[in-house]
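Student: Sharing a structure here in structure tokens format.
The values are calculated or read from the model by the stated rules, or taken from the named source; none is laboratory data. Source: prediction; values computed, not measured. For neighbour counting, all protein chains shown are included, and Cβ atoms are generated from backbone atoms with ideal geometry for every residue, glycine included. Side chains included, ligands, DNA and RNA excluded: accessible areas come from the protein's heavy atoms. Shrake-Rupley method; radii C 1.70, N 1.55, O 1.52, S 1.80 Å.
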Amino acid sequence: MRLKIKRLRPGAVLPRRATPESAGLDLCACLEQELTIYPFELVRVPTGLAIQLEPGTVGLVYARSGLASKFGVTLSNCVGVIDSDYRGELQVAMTNHSQTPYTIRPGDRVAQLVVSPVFLPEVEEMEALDGSERGTGGFGSTGYGEEGGRSR
């Protein structure tokens with residue numbers, strides 16, 4: 001499989017894997033000057049790239065763990081979803097959850113792109129759903145064993 005990519009402007013860096021087995025391709029900021037994200041601010045970071053995904057796939061944009069764990073900078077929407085029919089510029093919505101401003105420089109790695117298969121089911125409304133062992137148990141319903149003690 002190949003991921004078709006178009007550079008939309010100078011300075012755009014083609015995504016690449018940090019290691020041969022990396023699931024994600026690093027996405028880099030395509031900026032003309034530094035961009036500072038102030039505490040609790042939301043920004044869009046352009047990549048200068050457009051991609052063409054194969055039908056039946058989705059592009060998932062994830063935070064870089066180092067930015068999140070060291071600096072509190074992560075994605076505003078937790079996971080970005082790129083549909084296979086989208087051809088516009090990839091932009092990364094980011095938030096600074098720390099008390100300290102964080103500056104992104106042109107070419108900095110800001111997120112990672114994972115391409116995955118996706119199911120596209122048709123929606124069918126039902127009067128009732130099949131039963132299951134769990135049933136309607138929601139949040140926290142599977143966190144306790146038979147003796148009532150918390151599982152770890």
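Student: Of everything in the range 1-34, what is open to solvent by 100 Å² or more (accessible area, probe 1.4 Å) and under 12 Å from GLN112 (Cα atoms)? Give them in sequence order.
Tutor: Matches in the range 1-34: ARG16, ARG17.
Student: Checking the conditions here, which among VAL61, VAL92, VAL110, VAL114 is under 20 Å from ALA12 (Cβ atoms), touching a helix residue (DSSP H, G or I) at 6+ places or on another chain (Cβ under 9 Å) and touching a residue at least 40 places away in the same chain (Cβ under 8 Å)?
Tutor: VAL110
Student: Could you name every one of the strands (runs of 3 or more DSSP E) located completely within the range 1-100 that has at least 1 residues being farther than 12 Å from ALA111 by Cβ and of a type outside the set (Gly, Ala, Ser)? Walk me through how you get there before you give the answer.
Tutor: On the way: elements: 4-7, 25-28, 35-37, 42-46, 49-52, 57-63, 73-75, 80-82, 91-96.
Filter on the range 1-100 gives 4-7, 35-37, 42-46, 49-52, 57-63, 80-82, 91-96.
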